[in-house]
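Take a look at the structure set out below.
The values are calculated or read from the model by the stated rules, or taken from the named source; none is laboratory data. Since the structure is predicted, the reported quantities are computational estimates derived from the model, not experimental observations. Here the Cβ is made from the backbone with ideal geometry for all residues, glycine too, and neighbour counts use every protein chain on show. For the accessible areas, the whole protein counts, side chains as well, though only heavy atoms, and no ligand, DNA or RNA atoms are used. Shrake-Rupley method; radii C 1.70, N 1.55, O 1.52, S 1.80 Å.
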Amino acid sequence: MSRSRTPERKAELEAELALPPFPEALRYLWTAFRRIRSRNGGNGYGPTPISWADLDAFDRLSGLRLLPWEIEIIEVLDDAYFAARHNQEDDPQ
């Protein structure tokens, strides 16, 4: 943001980056997502989506038994991860 040319643009960028506080009750799901995502191998062309096999292995090996709604949240997070990667690749800046 130090590269912003005007105070107005800097304020716009800061507002865009403002986030609500992280919901502490869901921190364990964020941690699970990060653990699974960091161990998910790519296919030579980049990262691949988290698969059912990845979720099953995490469930068995971590001892954390994910409920269907928790798996759905991890899938939504993974979709957001790929959407952000796609948007980043499309934005030449």
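Here are the numbers for the structure shown:
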| item | result |
| --- | --- |
| Förster radius 30 Å - calculated FRET efficiency between Asn87 and Ser62, Cβ distance, rounded to 0.05 | 0.45 |
| Dipole magnitude of the stretch 36-85 about its Cα centre (Cβ charges: Lys, Arg +1; Asp, Glu -1), debye to nearest 20 | 240 |
| Kirkwood-based Rg to Rh ratio, the chain, C-alpha trace | 1.09 |
| Total charge dipole magnitude, the chain, about the Cα centre, Cβ charges on Lys, Arg, Asp, Glu only, Debye to nearest 20 | 460 |
| For peptides 20-28, 75-83, sequence by mean Cβ density within 10 Å, most packed first | 75-83, 20-28 |
| Accessible area of Glu72 in the full protein assembly, 1.4 Å probe (Å², nearest 10) | 110 |
| Heavy-atom accessible surface of the chain: percent carbon and sulfur, 1.4 Å | 56 |
| Surface per residue (accessible, 1.4 Å probe) for the chain, Å² | 81 |
